[in-house]
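To keep things clear, I will list the structure first and then write my remarks on it.
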Amino acid sequence: MWETGGDKLPKARADSAGLNRDCAQLLLDNCFDGWSGSAVLSDSQLTTRLDSDLRRLVVYTEPPKDFIAIEPVSHVNNAMNQTNHNMLGVVVLAAGQSWQARMHIHTDQTAT
């Protein structure tokens, strides 16, 4: 996980065991590097599964908000301004080249 500074930009990479907690208790605005490409969110009404071939995930939520924002991304936030931006996921394309990523979101009603 990339810890952010006062300017809300990533400053340092820190170990993270991931997130397996109630979102109501989370205070996050972080990018997770080395993400597996799969996330599951569930509450009493819905279960949502997100799968992507991207390997970084931005997660935002803060109490007492009743939402969480998750966004698969190709590169760490602010990577273009880092000297090692190619190590942080920036893909540089030559003229005429293309690049694509995949994301799938599936939602089901949670069984009661």
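The values are calculated or read from the model by the stated rules, or taken from the named source; none is laboratory data. Computed from a prediction, not measured in an experiment: that's the story for all the values here. FYI the Cβ positions are ideal-geometry reconstructions off the backbone, even for glycines, and counts take in every protein chain you see. SASA here: full protein model, heavy atoms, side chains in, ligands and nucleic acids out. Shrake-Rupley method; radii C 1.70, N 1.55, O 1.52, S 1.80 Å.
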Taking H as built 1.01 Å from N, whose amide H comes closer than 5 Å to the amide H of residue 30, not counting residues under 5 places away?
59
Pick the calculated P(r) over Cα pairs in 5 Å bins from 0, in percent for this structure from [x] 2, 10, 18, 22, 20, 13, 8, 4, 2, 1, 0; [y] 2, 12, 24, 27, 21, 10, 2, 1, 0; [z] 2, 11, 20, 25, 24, 12, 4, 1, 0, 0?
[x]
Loop-resident chymotrypsin sites (Phe, Trp or Tyr not before Pro) in the stretch 60-112 with no more than 14 other Cβ atoms inside 10 Å, DSSP not H/G/I/E/B, are 67, 99
Give me the 1.4 Å probe accessible area per residue for the chain, excluding ligands and nucleic acids, in Å².
71
Per-residue HN-Hα couplings for the stretch 42-57 [Karplus 6.51, -1.76, 1.60; θ = phi - 60°; Hz; x = Gly/Pro]
8, 9, 6, 10, 9, 10, 10, 10, 10, 10, 8, 8, 7, 10, 9, 9
Candidates per trypsin sites (Lys or Arg not before Pro) in the stretch 1-61, loop by DSSP, up to 13 other Cβ within 10 Å
8, 21
Expressed as a whole percentage, what fraction of the accessible surface of the chain belongs to carbon and sulfur atoms when a 1.4 Å probe is rolled over the protein heavy atoms?
49
Looking at the stretch 1-59, which chymotrypsin sites (Phe, Trp or Tyr not before Pro) are DSSP coil and have at most 15 other C-beta atoms within 10 Å of their C-beta?
none
Report the net charge of residues surrounding residue 45, where surrounding means a beta-carbon distance below 13 angstrom and charges are Lys +1, Arg +1, Asp -1, Glu -1.
-3
Remind me, relative contact order of the stretch 1-104 in percent, using alpha carbon pairs under 8 angstrom and six or more residues apart?
23
